[in-house]
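First up is the structure itself, then whatever we jot down about it.
None of the figures in this text is laboratory data; all of them are computed from the coordinates on show. All values reported here derive from a predicted model rather than from experimental measurement. Backbone-built Cβ (ideal geometry, glycine too); neighbour counts: all protein chains shown.
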Amino acid sequence: MRRIILDVDTGNDDAVAIMMAGLHPEITLLGCTTVAGNLPVANTTENTLRVLHHIGRSDVPVFRGLASPFAPHPFPTPADFVSSATPVHQEELELLPSPVGVQPHTAVEWLVETLRNATEKITLVPVGPLTNIAAAVTLAPEIVDAVDEIVIMGGSASHGNETSQAEFNIFEDPVAAHVVVNAGFDRLTLVTLDATRKARVSAAQCRELEALGTPGATATAQILDYYIRGNSDKALGSAAVHDALCIAYLLDPSVIETARLHVGVDTVGFHTYGRTLIDLTGIGGTAPNASVALGADSAKFFDLLRSTLAA
């Protein structure tokens with residue numbers, strides 16, 4: 001049984017990850033912390049509450065996190081720049097509001113308190129910018145010892161989706177990502193775009209989920225229909241459900257292909273700001289600090305998604 005904390009910027013693919021984590025019997029979802037990323041933190045928090053309510057998991061507490069990056073971007077954003085998140089994430093998911101509100105403690109306070117007091121190790125699953133996690137380990141570095149594994153959706157060993165070089169989550173707060181990958185976690189798994197781009201769901205598969213008739217499956221079909229329509233590769237009739245692959249990995253590690261590699265983060269380059277510096281050949285001579293996902297089994301991913309949502 002995995003005891004996990006999900007750190008989310010909900011977001012359409014985050015919503016699917018929440019439903020998988022909240023519904024699977026082999027996962028104990030201790031809480032969700034929210035962060036600004038795909039949307040402002042007020043929206044990510046509201047969306048998270050709605051998703052949990054929809055699947056009957058309003059018992060899972062939600063803690064509002066940080067509204068801006070750990071460190072501001074040093075370079076001006078071009079006036080015509082459009083974020084990759086803009087066309088694919090609904091500001092307000094088409095789900096009923098939850099009667100349960102956000103918790104009074106902030107996300108960072110709760111993360112520190114929960115990990116300090118943990119009697120069993122906890123798995124952290126941040127699938128948005130790493131702002132909350134970086135703040136928590138900066139305030140209380142000792143909490144890394146309470147973490148069994150940190151599973152991060154972020155980065156790329158090839159090309160980005162926010163810039164030519166950078167993946168969205170890392171680009172939004174590269175300094176936070178730098179802090180986290182160097183925080184000393186015993187087990188750090190980085191689920192990169194190289195893997196998540198293979199974890200695709202098609203419009204036809206959305207109809208298959210819809211036919212299951214469960215609250216989680218019907219909501220996922222609706223949410224992913226919107227996601228596919230807004231995706232940059234919508235001509236394929238499918239979209240990569242990035243964040244949900246992290247939950248699939250917790251259920252069946254063989255769904256991704258990993259290699260032990262050293263990962264750094266570019267926090268200074270003008271053209272490469274936010275790029276994950278993944279040493280694929282070991283030429284840098286620095287010891288590996290992460291298990292990096294470079295591939296995924298698309299069929300196995302969908303089977304895990306469908307079986308979880310069918311319950």
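A few points about this structure:
- 3J(HN,Hα) along segment 223-230: 5, 6, 4, 4, 4, 5, 4, x Hz, from the Karplus curve 6.51 cos²θ - 1.76 cosθ + 1.60 with θ = phi - 60°, whole Hz, x for Gly and Pro.
- Of the residues ARG116, ARG200, ARG275, the one that moves most in a GNM of the chain with alpha-carbon contacts below 10 Å is ARG116.
- Averaging the sequence gap over all C-alpha pairs within less than 8 Å and six or more residues apart, then dividing by the number of residues, gives the chain a relative contact order of 20 percent.
- P(r), alpha carbons of segment 1-111 - 5 Å bins starting at zero, rounded %: 2, 12, 22, 24, 18, 11, 6, 4, 1, 0
- Amide H contacts of HIS262 (H built 1.01 Å from N, in plane; Pro and chain starts excluded): ASP279, ASN289 sit under 5 Å, all sequence-distant by 5 or more or on other chains.
- DSSP bridge pairs, the chain: antiparallel proportion in percent, nearest 5: 35 percent
- The string of couplings for segment 35-42 from the Karplus curve (6.51, -1.76, 1.60, θ = phi - 60°) is 8, 6, x, 3, 9, x, 5, 4 Hz, one whole number per residue in order, with x for Gly and Pro.
- Placing +1 on the Cβ of every Lys and Arg and -1 on the Cβ of every Asp and Glu, with no other charges, gives the chain a dipole of roughly 300 debye about its Cα centre.
- Relative contact order (%) - segment 153-311, alpha-carbon pairs under 8 angstrom, separation at least six: 33 percent
- When its C-alpha radius of gyration is set against 2.2 N^0.38 Å (N residues), the chain gives a value of 0.91.
- Each peptide in 12-22, 161-171 gets a packing score, the mean of other Cβ atoms within 10 Å over its residues, and the list from highest to lowest is 12-22, 161-171.
- Coarse-grained scattering of segment 119-217 at q = 0.11, 0.12, 0.15 Å⁻¹, given as base-10 log I(q)/I(0) from a Debye sum over alpha-carbon atoms: -0.44, -0.51, -0.71
- At q = 0.21 Å⁻¹, base-10 log of I(q)/I(0) for segment 176-244 (Debye sum, equal scatterers on each alpha carbon): -0.84
- Computed helical MRE - 222 nm, the chain, DSSP H runs ≥ 4 contributing -39500 (n - 2.57), nearest 500: -10500 deg cm²/dmol
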